[in-house]
């Protein structure tokens, strides 16, 4: 955004003094979400981004990968598709130590994502809980969840705004909204340039996996079924959002929705897991993945598994196609997880498989 555009934006927001910062941010995100809802959403894990980046750099001439990159670019250019990312892709990208290839990957992400990312994981779950609880209470004026979970790459870890400036409150509000508009247009390549090229080390992922493996081993003799393990995993994840839920229940109760009492009772009953849990889709998909590993007691979690599960939550929950490695495709496609029945996301682990789907879409 050039200086002239910034000045025009400031003038625009001075004339919109009655619009709060929260309202402005929400409007931008809903507008983006509405646009994304009309597109075929393709989620690539970092392995596929790297494969296609190497094609772009002329380092890989595999025919199917060349065709796949060309096909996706055409679909994006025609306004048919988009390849959004999540913070998990960004974290893995920043672990790359080579500056040239990191920037090349970021350029390709900018090109095919159109600057679109899912909101950060905890915020996404909070929004899912909000919609799920209000829906069960009988609210009929909800903005669809799919319109509320998208943002731009500059806000991939959440939103921050200028505050405690030397200006008065009204002028600070103008600056905050203008700054948000400026950041909304920042590319991933620009962001990486600001951050520098120091490699990000993510040792915590493996440490977390080791702790989970130890706990799984300790309670292995208590496992009776996949459903039992799933419930433990889902309720464990849900417990981290207890304060959010209490606040939501209070809001819904104060609003006096007719179905609130009945829906509150239903949440504590068995049918909750077939209704409520699936509406909190990020927690549900993550719980399925963790439960699948615990149910297969010969398998040990790795730090990469934890990142892969985050990819699965983002892709299966909110996209039409998920391009990933074969082991993760095999895990999420297991029949007892039910993910392929509950969500309209095709999971492919090869360029040829992706091309078959996209060629049908193009036709």
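Counted by neighbouring Cβ atoms within 10 Å, the residues 177, 227 run from fewest to most as 227, 177. Normalised by the number of residues in the chain, the average gap of Cα pairs under 8 Å and 6 or more apart makes the relative contact order 23 percent. By the beta-carbon count within 10 Å of each Cβ, the least crowded to most crowded order of 336, 311, 13, fewest first, is 336, 13, 311. Among 43, 226, 318, the residue with the largest mean-square fluctuation in a Gaussian network model of the chain, with springs joining Cα atoms closer than 10 Å, is 226.
Only DSSP H runs of four or more residues enter the estimate; each adds -39500 (n - 2.57), and after division by the residues of the chain the mean residue ellipticity at 222 nm equals -20000 deg cm²/dmol. Among 164, 334, 96, which one shows the highest mean-square fluctuation when the chain is modelled as a Gaussian network with alpha-carbon springs under 10 Å? Of 164, 334, 96, the Gaussian network model singles out 164 as fluctuating most.
For region 230-245 and region 287-350, write down the distance between their C-alpha centroids in whole Å. What the calculation gives is 19 Å, centre to centre.
For region 3-195, dividing the convex hull volume of the Cα atoms by the residue count gives 158 Å³ per residue. Summarising the overall dimensions of region 279-340 from its C-alpha atoms, the Rg and Dmax are 10.8, 32 angstrom. Shape class for the chain, computed from the alpha carbon gyration tensor (a ≥ b ≥ c): oblate, with a/c not under 1.5 and a/b at or below b/c. Among 209, 314, 169, which one shows the biggest mean-square fluctuation in a GNM of the chain, springs joining Cα atoms closer than 10 Å? Looking only at 209, 314, 169, the largest GNM fluctuation is found for 169.
Only the coordinates and a few stated rules stand behind these numbers; no lab work does. Worth saying up front: this structure is predicted, and the values here are computed from it rather than measured. Neighbour counts run over all protein chains shown; Cβ positions are idealised from the backbone, glycine included.
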